[in-house]
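Here, each number is a calculation from the coordinates, and none is a lab measurement. All values derive from a computational prediction rather than experimental measurement. Because the Cβ atoms are built from the backbone with ideal geometry, glycine has one as well, and the counts that use them run over all protein chains shown.
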Amino acid sequence: MIRRPDRNPGARQGRTTYDRDSLVEVAVAVFNERGYDGTGMEELARRLGISKSSIYHHVSGKEELLDLAVGRALDALFAVLDEPCGEHADATARLEHTVRRSVETLAAELPYVTLLLRVHGNSEAEKRALERRREFDHRVAELVRQAAADGGIRGDIDPGLISRLLFGTVNSLIEWYRPDGGLSVPTLADALATMVFDGLRAQRD
């Protein structure tokens, strides 16, 4: 039976067996703490409490661990864009849905999204992640353009700028939001959406 790691696997006295998902989980914590570039396989093995060869049994190295981690975050965010949003939902409703669900996704996948937002493009895995992030940004910007063209949101601000401001606000949550901080995710999503869309909605005569 495969055992999942505890919060300090390096402190175990006995031998611990990991599956690939639990290896990634611990690697994400170490990458976020020390930085991806500042983490070597020796440090990962120490924190896991296993040998480097045991890690290589599951993955080819730390770049694959990064690929798996940021891929999980990106897959979750792209899934938000592809969610159904009601048969008659217009672009503005889909945009608001995307923002709300992105907040929920960030909260649910906080360590993974945090790592994604901190990659710099210094490795092939990071470059792939940044390319997918740009694709996500382009799809959101297109949704903003549609909402503006439909008259649902104000059209006097560049759609690309709106998209960057929207997700700059969402992404900033990684710096202070903590699941155990007493703030519920629905309350957080409602507050952010209200603040943003009250200023974005087109004024009706």
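General remarks:
- Modelled this way, with points 7 Å down the Cα-to-C-beta line, the labels at ARG34 and SER123 are 1.2 nm from one another.
- About its Cα centre, the stretch 18-151 has a charge dipole of approximately 380 debye under the convention of +1 per Lys or Arg Cβ and -1 per Asp or Glu Cβ, with nothing else charged.
- Of TYR36, VAL140, LEU192, farthest towards positive along the dipole that unit charges on Lys, Arg, Asp, Glu beta carbons give the chain: TYR36
- Computed over the alpha-carbon pairs of the stretch 57-178, the distance histogram in 10 Å steps reads 13, 42, 31, 12, 3, 0 percent, short to long.
- Potential extension, ASP82-SER51 segment - 0.36 nm per residue separation minus Cα distance: 7.1 nm
- Counted residue by residue at 0.36 nm each, then reduced by the alpha carbon distance between them, the extension gain from LEU165 to LEU130 reaches 10.8 nm.
- Relative contact order [Cα under 8 Å, 6+ residues apart], the chain, whole percent: 20
- For the stretch 135-205, the dipole from Cβ point charges (+1 on Lys and Arg, -1 on Asp and Glu) about the Cα centre works out to 60 debye, to the nearest 20.
- Projected onto planes of every orientation and averaged, the convex hull of the alpha-carbon atoms in the chain covers 13.7 nm².
- Scaled against the 2.2 N^0.38 Å expected of a compact globular protein of N residues, the Cα radius of gyration of the stretch 31-99 reads 1.70.
- Excluding the site residues themselves, the longest part of the chain lacking any chymotrypsin sites (Phe, Trp or Tyr not before Pro) in a DSSP loop with at most 16 other Cβ atoms within 10 Å is 1-175.
- Compared with the alpha-carbon gap, the fully stretched path from GLU42 to ARG201 is longer by 52.0 nm at 0.36 nm per residue.
- Relative to the longest principal axis of the Cα atoms of the chain, the long axis of helix 91-108 makes an angle of roughly 20 degrees.
- Annotation for ASP156 and ARG20: the two label points, set 7 Å from Cα along the Cα-Cβ direction, are 5.3 nm apart.
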